[in-house]
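The values are calculated or read from the model by the stated rules, or taken from the named source; none is laboratory data. Computed from a prediction, not measured in an experiment: that's the story for all the values here. Note: ideal-geometry Cβ built from the backbone for every residue, glycine included; neighbour counts use all protein chains shown. Surface areas here come from the heavy atoms of the whole protein model, side chains and all, with no ligands, DNA or RNA. Shrake-Rupley method; radii C 1.70, N 1.55, O 1.52, S 1.80 Å.
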Amino acid sequence: MRYSPEALTAFVETVAAGSFSAAARRLRKSQSTISTSIANLEADLGFELFDRSARQPVLTAQGEQVLGYVQAILAASTRLDELAVSLSAQTEARLTFVLSDTLNPDVLEEMMKQFDARFPHTEFECLIGEEEDVIDLLQKERAQVGLTEARDGYPTDIGAIRLPMQTRMAIYVATTHPLAGQHDVQRDELHGWRELRLSTYLEREAEIARGPVWSAPNYLLLLSMAVQGFGWCVLPCALVDEFAAAKSLVQLNVPGWPRAIGIDLLWNKRSPPGIAGSWLRQYLQDAR
């Protein structure tokens, strides 16, 4: 291909993200790298893709025409990579799976049993990560398959499938917490008490806190903090059922809660999973 795949990806991601800086954050690159890649692509094409006179880059008429072709090229490249892996019939010596604590422990247990039976010679590594950390580990090729709470969009180099399963999330406090004795709790009342909030390792745009906050990078640690009475917390119900000691936490009756959260299965399009990783993807797609 005459045009750099990195430049094509930078172009599509900038359109999706709305700015060079946002595209750089999503692709884990510097803004100058993204700008240079797109400038080189424009030089190769012989015309500008973006009008840079406004605060944010806006597609030119030529850029709008080019966008569909570039998206098709990247999609075809992804399909070719996946076909190559499939035809080579390579079973990974090691598979790393980064998952969210939102996955039901029963699903994880059965999945590992099935994996062990089918791939006894493949080293299986489990990492725990949430949201941005899952994406980062996949982009760095530290993991091959990942699970995270569903979101509307992902970087261009990340493939995603919405799984048929969902997880129930609710708001919990320790039985010793003052809120535990209330029959109904309004959302605004929560802000007078410390929130235990999920905070990934990777820097992201912080949500403005309306009260005191403690944070941790995974739900299991937040669960432990909640059991100790340090504050209220949104937690996966299945995680609480599995790991919280009996009667150590109380689910608060808050309007809108509990709620069902979708789960997305992710992978790196540039280094698609092999035989074992593909089986794992299919297994989770079929799980209920």
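Inspection of the range 142-160 identifies no residue that is part of a strand (DSSP E or B), farther than 30 Å from K29 by Cα, at pLDDT below 95 and touching a strand residue (DSSP E or B) at 6+ places or on another chain (Cβ under 6 Å). Scanning the range 234-260 for residues that are touching an Asp or Glu at 6+ places or on another chain (Cβ under 7 Å) and open to solvent by less than 20 Å² (accessible area, probe 1.4 Å) gives P236, L239. In the range 120-143, of all residues being hydrophobic (A, V, I, L, M, F, W, C) and open to solvent by 30 Å² or more (accessible area, probe 1.4 Å), the one that is nearest to A10 (Cα to Cα) corresponds to L137. Here the helices (runs of 4 or more DSSP H) wholly within the range 4-111 that include at least 3 residues being of a type in the set (A, V, I, L, M) and touching a residue at least 24 places away in the same chain (Cβ under 8 Å) are 5-17, 31-45, 61-88.
For the range 95-115: of the residues being modelled with pLDDT of 90 or more and over 19 Å from the mean Cα position of the chain (by Cα), which is nearest to L220 (Cα to Cα)? Selected residue: E109.
Taking the numbered list (1) open to solvent by 70 Å² or more (accessible area, probe 1.4 Å); (2) touching a helix residue (DSSP H, G or I) at 6+ places or on another chain (Cβ under 9 Å) in turn, A174 passes all entries but (1).
Only a single criterion out of (1) farther than 30 Å from W279 by Cβ; (2) of a type in the set (A, V, I, L, M); (3) in contact with an Asp or Glu (Cβ under 6 Å, 6 or more places away or on another chain); (4) buried (at least 16 other Cβ atoms within 10 Å of the Cβ) is not satisfied by V58, namely (4). Of all the numbered requirements in (1) in a loop (DSSP other than H, G, I, E, B); (2) surrounded by fewer than 16 Cβ atoms within 10 Å (Cβ to Cβ); (3) in contact (Cβ under 8 Å) with a residue 24 or more places away in the chain, R210 misses one, and that requirement is (3). Tell me yes or no: at least one residue of the range 164-179 is of a type in the set (D, E, K, R), part of a helix (DSSP H, G or I) and out of contact with any Lys or Arg (no Cβ under 7 Å at 6 or more places or on another chain). No. Return yes when E189 is within 23 Å of D81 (Cβ to Cβ), open to solvent by 30 Å² or more (accessible area, probe 1.4 Å), charged (D, E, K, R) and not in a loop (DSSP other than H, G, I, E, B) and no when it is not. In short, no.
For the residues V70, V58, V12, the requirement of being in contact with a helix residue (DSSP H, G or I) (Cβ under 9 Å, 6 or more places away or on another chain), farther than 29 Å from Y201 by Cα and of a type in the set (A, V, I, L, M) singles out V70.
For beta carbons closer than 8 Å, sequence separation of 6+ or different chains, a first residue in the range 246-258 that is under 14 Å from L179 (Cα atoms) and of a type in the set (S, T, Y) and a second that is open to solvent by 40 Å² or more (accessible area, probe 1.4 Å) and outside any loop (DSSP other than H, G, I, E, B), the qualifying pairs are S248/V227. Of the residues making up the range 240-256, those that are assigned to a loop (DSSP other than H, G, I, E, B) and hydrophobic (A, V, I, L, M, F, W, C) are A244, A245, A246, L252, V254.
Here the condition is being small (G, A, S) and buried (at least 20 other Cβ atoms within 10 Å of the Cβ); of G146, G181, it holds for G146 alone.
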